[in-house]
Amino acid sequence: MQTTPAPARTPLPRLLDARERTDALFSLVQPAALSQRPIPARHRLVFYVGHVDTFDWNLLKEPLGLASFDRHLDDLFAFGIDPVDGGLPSDTPVDWPTMAQITAYVHELRGRLDARLRDLDAASTPGLDTRLLEVAIEHRLMHAETLAYLVHQLPYDQKSPQLEARTPSTAPPEADMVTVPAGATVLGRAEEDDGFGWDNEYGAHTVDVPAFAIDRYPVTNRQFAEFVQAGGYNAQPLWTAEDWAWRVHADIEHPQFWIRRGRRWTFRSMFQETPLPPDWPVYVSHAEAAAYARWTGKRLPSEAQWHRAAYGTPDGRERRYPWGQAPPDPTRGNFDFVRWNPVSVSAHPAGSSAFGVMDLLGNGWEWTRDVFAPFPGFSPFPFYPGYSANFFDGQHFVMKGGSCRTAACFVRRSFRNWFQPHYPYIYTSFRCVIE
Ligand code: AVJ
Ligand code: FE
C-alpha cells in the first residue's frame, strides 16, 4: 500500500513561524531596554528589531518585483557587526530611529512582502531562486538564537521571565572517554542532497580520521570548576599568547555565565540567578576551552573527529543523525526552543551516537580546534556573498552541535557555526580528545 507523504510546508507559514520567534523575544524585553547594548561588540537591540526584517526585504524585494520605499532604513539595518580588531561601536541611542519609526517601516515591508508571497507558487515563478526564501527563514532563526545571547546579558529587571519546561531528573554523568577506531567520515553536503544548505556546507569530501578517544559528555560546570579552583586562569603556559593577552586585557577570571558570590559560584541563567548547576555543560569561549583541554593533557577535537564521533558507526556506515535516521525530536537533545537554559549532559540518552557519545546535538554548541575555512570547491551564494566568506579570516573557529535556542533545522549534520575565540557570551561548550 502506498502512503501519501505529508505535503511539504510552503515557505510563507514557516517564515511567519520564524517571525513569531523573533517578535516574542523583543516583546519579553522592557520597551525602554531596547536601546541597550547588552554585549559591547554588538549593536543595540533596536538595530535587530530593524535588521531581521530589513534583511528579508533587501534579499527578496527585487526578485519579487517590489520597490524600495525607504532606502535609508534599508541600508541602516542591512548588516550586523563582528569587530575582529577589538574596536567597539560608539554610537548612542539617539543615533537610531525611534521604535515608532522602526515599527512602521517593518509593518509596511511585511505587508508588501507577504502580499507577494501569499500568491506565490515558487516552483512556477520563473527565475525565482527558492533558496532565497530558505535563506530568509534560516537567517531569522539564527537571529532567534543570537538575540537570546543578547537578551541573556540584560539585567533581570529589564525582561519578563518566561515559563521554563520542567527539568528531567537524571543520574549524574560519569566522566569517561569513548574510543573511536580509525575510519572515514564525510564532511559537507553534496549538490544532490535533500533540502537547503548554506554556501559553506557544500563540498562533500571524505576525511580519514586516525583512532582517537573523546569525552563521552561535554565538559560540565563541575569539571570546569576544578580548573578554576586549580588556578587555570592564572597559569599562562596553558594559554596561547593571543588567548593570554585577551584574558589579561579583558580581565577574564571565570566563565561569563558564572557569578562569584562570596566563596560560591552562581549561574546567570536566562531569567534568574541560580546555584551553579554542576551537571550542565559549561559555556565558555574557545580560549577558555583550549586552556582547560591543555590542563587535562587533551586537545579540542578537530571538526572531522567531532563529526566521526557523532555520525560514524562501528560497521563503517555513517548516520544522518547521531541516533540514526529518525528526525530530531525533544527526546534526542535540548534544542528547538523547548528551554531557555541547559539541562544535565546526561538528560538525553536517546541522543547517543553509535559509539556511545552523548549530548552531541543541543544543550550547547561545541568548539572544535579548526579555524572556519571553506570546503573544497566553495562558492558563495551570489545573492549573499558575504555570509561565510567575510569570516574566512583565520579569526573564527568552527562550532558543531546546537544549543537550547537552536532551531531544529540547524541540527542537520552539514551545518557549521562559527565565532571568534574570545567571544564568551554564546551557548557553547566543548569536549576533549586524546589522539
Ligand atoms: C552563523 C551565527 C555566526 O550571527 O554572525 C546572522 C549568522 N549572519 N546574520 C552570526 C548571521 C548574518 C552568524 N552565525
Ligand atoms: Fe543577520
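The values are calculated or read from the model by the stated rules, or taken from the named source; none is laboratory data. The shown structure was predicted, so the numbers you read here are calculated from the model rather than taken from an experiment. When we count neighbours, we look across all protein chains shown, and the Cβ atoms used for this are built from the backbone with ideal geometry, even at glycine.
Table for the structure above
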read-out	value
Residue in the range 331-339 that is closer than 28 Å to residue 83 by Cα, of a type in the set (Lys, Arg) and either free of Cβ contacts under 8 Å to residues at least 60 places away in the same chain or in contact with a Leu (Cβ under 9 Å, 6 or more places away or on another chain) (or both) present	no
Output for the range 386-417, where each listed residue is among the aliphatic types (A, V, I, L, M) and either within 26 Å of residue 166 (Cα to Cα) or within 11 Å of the chain's Cα centre (by Cα) (or both)	398, 399, 407, 408, 411
One residue from 158, 153 being away from ligand 1 (no atom under 16 Å from the Cβ) and closer than 17 Å to residue 268 by Cβ	158
Residue ranges of strands (runs of 3 or more DSSP E) in the range 228-321 with at least 2 members touching a residue at least 12 places away in the same chain (Cβ under 8 Å) and either hydroxyl-bearing (Ser, Thr, Tyr) or more than 30 Å from residue 184 (Cα to Cα) (or both)	258-261, 264-268
Top-ranked residue of the range 44-70 - restricted to ones that are in contact (Cβ under 8 Å) with a residue 60 or more places away in the chain and in a loop (DSSP other than H, G, I, E, B), ranked as surrounded by the fewest Cβ atoms within 10 Å (Cβ to Cβ)	63
Of all residues making up the range 322-373, the number that are among the basic types (Lys, Arg) and either outside the structural domain of residue 218 (by TED's automatic domain parsing) or farther than 25 Å from residue 179 by Cα (or both)	1
Residue 369 being basic (Lys, Arg) and more than 16 Å from ligand 2 (Cβ to nearest atom)	yes
Residues (of a type in the set (A, V, I, L, M, F, W, C) and in contact (Cβ under 8 Å) with a residue 60 or more places away in the chain) located in the range 340-371	340, 343, 345, 347, 355, 357, 358, 365, 367
Any hit, the range 175-186, residues being within 16 Å of ligand 2 (Cβ to nearest atom) and either without any contact (Cβ under 8 Å) to a residue 60 or more places away in the chain or of a type in the set (D, E, K, R) (or both)	no
Residue within the range 76-86 that is away from ligand 1 (no atom under 16 Å from the Cβ) and more than 23 Å from the chain's Cα centre (by Cα) present	no
Cβ-Cβ under 8 Å pairs, at least 6 apart or on other chains, the range 136-160 side in contact (Cβ under 8 Å) with a residue 12 or more places away in the chain, far side within 13 Å of ligand 2 (Cβ to nearest atom) and of a type in the set (Phe, Trp, Tyr)	136/55; 138/198; 139/55; 140/55; 143/48; 147/48; 150/48
